[in-house]
Amino acid sequence: MKSIQKIDESLLAEDSVRNPARKSGWWRHPLWPTLFLLLLACNLVVIGFDLYPRIAQKIGRNQIGSLTLAEMRERVRKATIRLLDTHTAPLNSDESRLVIIDYLREHSDFPYRGGLLTSGLITQCELTNDPEAFLSIQRYCDTLIDEKGRFFDPPNSVNDGVQGCALAFVAQRASKPNYRVGADALYTYYANIALSHDGLVPYVRTKQDNLVLVDTIGLLDPFLARYSLLASNPAAMTLAIRQIDDFMVHGIEHNSELPFHGYNLSEHFSPVGVVGWGRGLGWLASGISRVAQEMQTNDPNFDRLVDYTKELTSVAKRYQRPDGGWGVMLSYQSAELDSSATAMITGFLLRSQRTGKLGPEYDDTIKRALECLRKCTRVDGQLDFAQGDVLDLNRHSRNWGLANYGQGNLLSCMAMVEHLDERRKRDSNEHCIKQ
């Protein structure tokens with residue numbers, strides 16, 4: 001027995017020489033502290049990506065709503081130009097944990113959301129002749145097409161219509177022909193789709209269902225109307241009017257007079273999505289007002305668009321919240337405020353006011369809406385408390401924060417308010433001189 005014990009002890013001694021970790025225990029291996037530190041560092045990075053948006057949001061909302069309307073105009077303009085030039089867009093995600101995964105993915109939707117920023121800069125240029133805003137729009141267009149007018153990323157949905165607005169706007173003012181070539185190509189793309197879909201443009205034609213969504217009225221139709229003037233092409237305006245007419249017939253729930261999210265062409269115009277989505281009314285109203293803005297008053301369709309405008313102004317006034325804004329669900333007053341819907345609808349009301357289509361009974365409606373937007377604007381000029389991107393049909397975001405569609409429409413509102421104020425001052429001075 002003693003000899004066997006000596007043999008075992010000698011074997012253990014030899015093994016401890018070859019494997020030091022066994023002598024002191026595997027948990028004391030010199031690599032474990034390093035592995036632990038690496039694991040801790042990885043966890044801190046992941047937690048940091050989760051916490052940073054919340055901390056940044058908390059800091060960004062400090063003193064929110066403290067700007068006056070006069071201070072907002074310049075700060076909103078600068079913020080919009082900065083966002084467009086730096087290609088800054090919130091992630092299209094509803095996740096609040098492990099967001100590092102979203103950051104690691106490739107995101108190619110900035111051209112669409114950048115185009116939403118240009119909608120405000122275009123209004124700014126048209127009303128105030130702002131050279132800095134124009135150069136920002138031109139730089140954005142240069143990220144879409146090459147020197148020959150060919151798209152770097154070919155259009156594939158209605159979302160790309162907002163890019164067309166920027167291209168058509170720059171083509172009207174720049175000497176380089178590539179912007180016009182890009183606008184021509186984009187119109188041809190949509191016209192060919194309409195030819196194969198009974199004269200309408202589905203939101204995404206690659207899917208089985210031919211869905212016509214309310215977003216189309218705000219995203220695509222303003223481009224078609226602007227392109228119609230640029231190219232002297234009445235067919236483009238006809239396509240825009242056709243889509244508006246069809247949606248007002250098939251996309252409105254008649255009891256509430258609010259739009260559905262859309263309807264299905266393959267199912268006999270069956271409505272799809274929720275009724276009374278706040279931004280849905282914004283897409284519809286702002287799109288119609290932008291198309292009407294591009295039309296000649298002697299156009300046979302003009303009076304019909306004016307009638308649509310009157311209907312929607314009445315609906316907007318009826319569903320305005322006590323705080324002056326419009327919520328994510330219009331028929332449910334307790335629903336959370338959506339500043340992007342509020343900016344869209346306020347812009348629509350201001351355009352109607354500029355063209356003389358609103359009576360004085362809407363002055364208080366607009367005043368309260370502007371005050372609501374003021375309270376949602378950060379001190380750096382960015383609009384907050386906007387609902388995030390729709391993830392899919394009937395999958396609306398649960399997050400509220402910064403959004404490019406709200407920012408662009410906010411700048412449009414600021415530019416129109418400034419223009420209206422200057423016009424009133426000028427009219428007042430002329431009246432005093434006559435007296």
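The values are calculated or read from the model by the stated rules, or taken from the named source; none is laboratory data. Quick caveat: nothing in here was measured; it's all calculated off a predicted structure. Here the Cβ positions follow ideal geometry from the backbone for every residue, glycine too, while neighbour counts run over all protein chains shown.
Assorted remarks:
- Across segment 250-261, not a single residue is classified as part of a helix (DSSP H, G or I), in contact with a Lys or Arg (Cβ under 6 Å, 6 or more places away or on another chain), over 16 Å from residue 158 (Cβ atoms) and not acidic (Asp, Glu).
- You will find that of 398, 351, 426, the residue that is surrounded by fewer than 23 Cβ atoms within 10 Å (Cβ to Cβ), touching a residue at least 60 places away in the same chain (Cβ under 8 Å) and either out of contact with any Phe, Trp or Tyr (no Cβ under 9 Å at 6 or more places or on another chain) or not in a loop (DSSP other than H, G, I, E, B) (or both) is 398 and no other.
- Of the numbered criteria (1) in a helix (DSSP H, G or I); (2) touching a helix residue (DSSP H, G or I) at 6+ places or on another chain (Cβ under 7 Å); (3) touching a residue at least 60 places away in the same chain (Cβ under 8 Å), the one residue 78 fails is (2).
- The single condition among (1) farther than 25 Å from residue 263 by Cα; (2) within 20 Å of the chain's Cα centre (by Cα) that residue 294 does not satisfy is (2).
- Selection count where residues are closer than 22 Å to residue 74 by Cβ, assigned to a helix (DSSP H, G or I) and out of contact with any Ser or Thr (no Cβ under 8 Å at 6 or more places or on another chain), scope segment 355-395: 3
- Each residue in segment 271-301 was checked for being free of Cβ contacts under 8 Å to residues at least 60 places away in the same chain and crowded, with 18+ Cβ neighbours inside 10 Å, and 2 of them qualify.
- Being modelled with pLDDT under 95 and more than 18 Å from residue 83 (Cβ to Cβ) is a property that residue 371 lacks.
- All of 66, 108 fail the test of being at pLDDT 70 or above, part of a loop (DSSP other than H, G, I, E, B) and small (Gly, Ala, Ser), apart from 66.
- Set side by side, the residues 334, 340, 352 differ, and just one is small (Gly, Ala, Ser), assigned by TED's automatic domain parsing to the domain that holds residue 212 and over 30 Å from residue 78 (Cα atoms), which is 334.
- Among the conditions (1) under 20 Å from residue 281 (Cα atoms); (2) surrounded by fewer than 17 Cβ atoms within 10 Å (Cβ to Cβ), the only one that residue 343 does not satisfy is (2).
- Qualifying residue in segment 29-41 (condition: modelled with pLDDT under 85, outside any helix (DSSP H, G or I), loosely packed, with under 11 Cβ neighbours inside 10 Å and not charged (D, E, K, R)): yes
- Residue 259 vs. criteria within 24 Å of the chain's Cα centre (by Cα), surrounded by fewer than 19 Cβ atoms within 10 Å (Cβ to Cβ) and closer than 13 Å to residue 213 by Cβ: no
- Positions within segment 367-395 being aliphatic (A, V, I, L, M) and either crowded, with 24+ Cβ neighbours inside 10 Å or closer than 30 Å to residue 204 by Cβ (or both), in sequence order: 369, 373, 383, 386, 390, 391, 393
- Identity of the residue in segment 227-247, of a type in the set (S, T, N, Q) and assigned to a helix (DSSP H, G or I), that ends up farthest from the chain's Cα centre (by Cα): 238
- Qualifying residue in segment 69-85 (condition: loosely packed, with under 12 Cβ neighbours inside 10 Å and either polar (S, T, N, Q) or at pLDDT 90 or above (or both)): no
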